[in-house]
Amino acid sequence: MKRRGPTLGHLESAVLSIVAAAVQPVTVAEVQAELPGNPAYTTVMSTLARLAEKGALRRTLDGRAYRYEAAAPEGLIDDALSARQMRHLLTHGGDRAGVLARFVAELDEEEEQMLAELLARSRRPKPKSTP
Amino acid sequence: MTIFLTDFVLCLATTGALALLARPLVDRARPSVAVPLLAIGSLVNAASLGLLLSLLALAGLAQLPAVASAGDWSIDVLELDLPVPLLIGVLAGAGVALLLGRAIWRAARIVVVLGQSDRLSRRIRGTGGPIAIVDTGAADAFTLAGIRGCVVISRDLFCALGVPERQMLTAHEMSHLRHRHHLYVQAIDIAIAANPALARVADPIRLGVERWADEDAVAVTGDRTAAAAALARTALIRSALRRAAPTPHQVTTLPVLCVAASHVSLRARALLSTTPARTALGTALTVLLIVTGAGTVDSTLQFHDGFEHAEKHCHHAAPA
């Protein structure tokens, strides 16, 4: 039985985000290094393999190790129907009906300035004292 | 009737408490606790109000001989046990019909749009994974709800971001998908249709689901300051890209986005402050919700007893 629904575990979700964010296909070790909390190599390896089986990741053999990349159906939105449907949802209240959750919305000038200041502050070197 | 009146006042007080405490709760408590509490609480509160108004309508309208004879109730006994003036009954009946109609209409609309969104997310996903990098005109990133749903990121935006920003973005959107955050936003929409006095809970819930996804993303980026910086940088890059290449179907005209606009800086500031923890606010609200729920059940039972007492032919069903 194929599993339905976006019921990915927490680790799967984190692993998927890291692979998707990478510029090039990544190895298990690279994913492991990015994950906080030092998960075991074998745990990361089996998570990646599971995601590849589910079709969420594509893997290619590179030498003796697998490299993983996001199996994103890139460019599919170019097809006219999807593009029209998307525009329809975007302009006809997709966010009012709650089906569409944007990462960030429009910024006003004041907010842009505030965010720029926040960034400038976070760039300044600070004593590392996180517990 | 004193029990009923107490419960009715309690129900209205809960509505007030939800409206007033929603924002402080989202600001202080863990969003993964605050959002479900507010959404479920609002639905329960709206249902309570509907039920209490229905009881009032039923008792009031039963004074009409036609209704009384249909239910085989004695008007004299009813007047004594449940003294609800006819006018109050008519008003309550009209009110509950209007509110219920609104809620059903809202729910139907949500189902339709959810269906559209589900079909679209299937098309976008195809056989691939949940994250789709697409060539749309405008720089944007969002999660589409659906049975499986998907995360859509425009190539312009994705290519303009650094790796930490991409991680923050994808982890944030995956959290929306994983926890089905759209359900909370839709639940509060329906609750507001059934009880318009809950309107002030909507914005805190929208902020709350974003905060929830941000907190989940911190687990991937590893550090709150880095997450806040990634969020701020992404917002600024998206803004700059959109200014550089405005598209005809830009969605800036949607009124709802103006409300959401102020959220980015709030979210960044929340990430820079300490990790949210348990608060007494959440506990207090939970207790209030349970008391109101129990009160509504109590009132229902009381009205049931009243009607049973007023039945002319005493054929009480034997307790099972």
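Please treat every number below as a calculation from the coordinates, not as lab data. The structure presented is a predicted model; accordingly, all values stated were derived computationally and were not measured. Cβ atoms come from the backbone with ideal geometry, glycine included; neighbour counts cover every protein chain shown.
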So for each of B:55-66, B:170-181, A:14-25 I average, over its residues, the number of other beta carbons within 10 Å; can you give me the resulting order with the highest mean first?
B:170-181, A:14-25, B:55-66
Amide H neighbours of B:ILE131 under 5 Å, counting only residues 5+ apart in sequence or on other chains, H built in-plane at 1.01 Å?
B:VAL151
Using a 10 Å cut-off on Cβ to Cβ distances, tally the other chain neighbours for every residue of B:219-226 and report the average as a whole number.
5
Mind checking the mean number of beta-carbon atoms from other chains within 10 Å of the Cβ atoms in B:118-129?
6
Just to confirm a number: summing +1 for Lys and Arg and -1 for Asp and Glu over residues other than B:ALA228 whose beta-carbon lies under 11 angstrom from that of B:ALA228, what do you get?
+3
Per-residue mean of C-beta atoms belonging to partner chains within 10 Å, peptide B:203-214:
1
If you count the DSSP beta bridges with both ends in the protein assembly as shown, what percent of them are antiparallel, to the nearest 5?
80 percent
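List every DSSP H helix in chain B whose Cα atoms extend 24 Å or more along the helix's own long axis and whose mean Kyte-Doolittle hydropathy is at least 1.6.
B:31-61
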Give me the number: length gained by fully extending B:ARG200 to B:ALA280, i.e. 0.36 nm times residue separation minus the C-alpha to C-alpha distance, one decimal in nm.
26.7 nm
